[in-house]
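Student: Take a look at the following structure, please.
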Amino acid sequence: MNDAAISRTSYDTALERSQALEQKIAQDPSGLRMLTGDRPTGALHIGHYFGTLQNRVRLQSAGVETWLLVADYQVITDRDVVGDIAGSVRELLTDYLAAGIDPERATIFAHSAVPALNQLLLPFLSLVTQPELERNPTVKSELQAAGKSAMGGLLLTYPVHQAADILFCHGNVVPVGRDQLPHIEQTRVIARRFNERYAGGEHFFTEPDALLSDAPTILGLDGDKMSKSRGNTVMLKMTADETAKRIKKAKTDSERLITYDPDNRPEVSNLLMIASLSTGRSPQEIAEDIGDKGAGTLKVMTAEALNEHLAPIRARRAELEQDPGYLFSVLRRGIDRANEVADATLNRVRDVMGMVY
Ligand code: TRP
């Protein structure tokens, strides 16, 4: 996204807070609640998996309470058609559980199914100004990417909705990519202003921290941004054969000696990175092994490494796919739990605002 527009100082401060949080997680994760989520737009690819999903599973295993949001209302921020949203939600649930999110420990919910969460939007909207909303660089670049000239009301205000997603359950660890930082900053401002203006300075909402991952960005197989619409992905749901075929067609260069050089050889380096993430070996080491055997060998190695890494996930995925009833029962359980927590928060909000009749 529009990274350049996110000022260096605010990035550096967020990074410092993120590193401190990472230390706390290692030492004592008690009291930490992770809240993060995805727009349900279909099945996930390896960019999602290596970029975020794997990290969420790590945090869950480290003992951080795990809340995963299916941000269905956010699908309609920049597109006119909802599409088969239930199908997309099902794919997302399948990928979550296959990758290792534990349905017994995690709370997975859709925000459209939690009315009290959405009601927080009203007091929160009173705490932000139009210029503040219009300045959000991520919202601006999403408007541009959608190819629309006029800003929709939901697109303009969704960072405030996102604040409700995070604050309703007092999430304090928000693992996100850099493009989401403006929304986390907006959430922190809303928490602060709510405490001052409506809670008489009481510490009602805690300002959450972004947890910035150091996972490298995986490019698509053509060297562009990985995205389903470009057909340059490897999906978690693909078979090993499909994966090998896709990787075989990946763009590379004509230099036979394989080296890890992301600046000058982005496509070759991207394959090396995929192989590295799949095996836990460094990309340089893998490049040295291949030597001057060329891109063909690199592709075969990468496909094998990736397929081996994904095999257990794909096996679980295939089982889960057989049982959509189970998947939606996990979601409904999460929705029930989210509603309990959201109702409690909204009741306390009404209380501090003097709106109990
Ligand atoms: N805006 C996020 C995205 O586009 C998804 C999201 C919605 C989210 N609500 C959230 C992420 C709350 C973290 C916390 O990817």
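Student: Can you show me the helix-derived [θ] at 222 nm for the chain, built from DSSP H runs with n ≥ 4 at -39,500 (n - 2.57) apiece and divided by the number of residues, rounded to the nearest 500.
Tutor: On the way: 14 runs with 189 residues, N = 357.
Theoretical 222 nm ellipticity from helices: -17000 deg cm²/dmol.
Student: On the principal axes of its Cα set, how long, how wide and how thick is the stretch 61-126? Give whole Å, largest value first.
Tutor: The Cα atoms of the stretch 61-126 stretch 38, 29, 17 Å along the principal axes, largest first.
Student: I want to verify a result. In a Gaussian network model of the chain, Cα cutoff 10 Å, which of these has the top mean-square fluctuation: Pro131, Pro123, Pro216?
Tutor: Its mean-square fluctuation being the largest, the pick is Pro131.
Student: Can you find, among Val189, Leu156, Ala106, the residue farthest towards the positive end of the dipole of the chain? Put +1 on the C-beta of Lys and Arg, -1 on that of Asp and Glu.
Tutor: Value: Leu156.
Student: How far is helix 153-167 tilted off the main Cα axis of the chain, in degrees rounded to 10, range 0 to 90?
Tutor: Around 80 degrees separate the two axes.
Student: In nanometres, what is the gap between the two model label sites at Lys248 and Asp289, each 7 Å from Cα along Cα-to-Cβ?
Tutor: Distance between the two pseudo-spin positions: 2.1 nm.
Student: If you take all C-alpha pairs in the stretch 238-321, what percent of them are over 15 Å apart?
Tutor: 55
Student: Which value, in Å to one decimal place, does the Kirkwood hydrodynamic radius take for the chain when every pair of different Cα atoms is included?
Tutor: Working: mean 1/r = 0.0460 Å⁻¹.
Kirkwood radius, the chain: 21.7 Å.
Student: Run the dipole for the chain about the Cα centre, Lys and Arg Cβ at +1, Asp and Glu Cβ at -1, nothing else charged, and hand back the magnitude in debye, nearest 20.
Tutor: Details: 40 positive and 48 negative charges, 91 e Å.
The calculated dipole for the chain is roughly 440 debye.
Student: Kindly provide the Kirkwood hydrodynamic radius of the stretch 1-127 in Å, to one decimal, from all pairs of distinct alpha carbon atoms.
Tutor: Kirkwood radius, the stretch 1-127: 16.6 Å.
Student: Out of Ala146, Gln180, His45, whose Cα points farthest toward the positive end of the dipole of the chain (charges: +1 Lys, Arg; -1 Asp, Glu; placed on Cβ)?
Tutor: Ala146
Student: Here is a further query. Would you mind telling me the share, in percent, of accessible area of the chain contributed by carbon and sulfur at probe 1.4 angstrom? Spell out each step's value before the answer.
Tutor: Details: 8350 of 16610 Å².
In the chain, the share of accessible area belonging to carbon and sulfur is 50 percent.
Student: Full-extension gain between Val82 and Lys148, please, as 0.36 nm times their residue separation minus the C-alpha to C-alpha distance.
Tutor: 22.1 nm
Student: Pick from Ser329, Ser213, Ser229: which residue has the top mean-square fluctuation in a GNM of the chain where Cα pairs under 10 Å get a spring?
Tutor: Ser229
Student: Do any trypsin sites (Lys or Arg not before Pro) in the stretch 95-200 lie in a loop, going by DSSP, with at most 12 other beta-carbon atoms within 10 Å of their beta carbon, and if so which?
Tutor: Arg105
Student: Right, next: In nm, give the distance between the simple-model label positions of Glu255 and Asp224, each being 7 Å from the Cα along the Cα-to-Cβ direction.
Tutor: Those two pseudo-labels are separated by 2.4 nm.
Student: Continuing with the same structure: Hey, if we sort Lys245, Lys299 by accessible area with the 1.4 Å probe, largest down, what's the order?
Tutor: Numbers: Lys245 135, Lys299 30 Å².
Sorted by accessible area, descending: Lys245, Lys299.
Student: Compute the length gained on full extension between Ala62 and Ala20: take 0.36 nm times their separation in residues and subtract their Cα-Cα distance, giving the result in nm to one decimal.
Tutor: Taking 0.36 nm per residue and subtracting the Cα distance, the gain is 13.6 nm.
Student: Turning to a different aspect of this structure: On C-alpha positions alone, give me the angle between the axis of helix 266-279 and the longest principal axis of the chain, in degrees, nearest 10.
Tutor: The angle comes out at about 80 degrees.
Student: If one takes the longest principal axis of the Cα atoms in the chain, at what angle in degrees, from 0 to 90 and to the nearest 10, does the Cα axis of helix 294-321 lie?
Tutor: 40
Student: How much length is gained if the chain between Leu121 and Ala311 is pulled fully straight, taking 0.36 nm per residue apart and subtracting their Cα-Cα distance, in nm to one decimal?
Tutor: Answer, rounded to one decimal: 64.2 nm.
Student: Choose one answer from Leu121, Leu346, Leu257: the residue with the largest mean-square fluctuation in a GNM of the chain with alpha-carbon springs under 10 Å.
Tutor: Maximum fluctuation in the GNM of the chain, among the listed residues, is at Leu257.
Student: Suppose we keep just the DSSP beta bridges with both residues in the chain; what percent of those would be antiparallel, to 5?
Tutor: Percentage antiparallel, nearest 5: 10.
The values are calculated or read from the model by the stated rules, or taken from the named source; none is laboratory data. All figures in this text were calculated on a predicted structure; none of them were measured in a lab. With ideal geometry, Cβ positions are generated from the backbone for all residues, glycine too; neighbour counts draw on all protein chains shown. When the accessible area is computed, the model is the full protein with side chains, heavy atoms only, and any ligands, DNA or RNA have been set aside. Shrake-Rupley method; radii C 1.70, N 1.55, O 1.52, S 1.80 Å.
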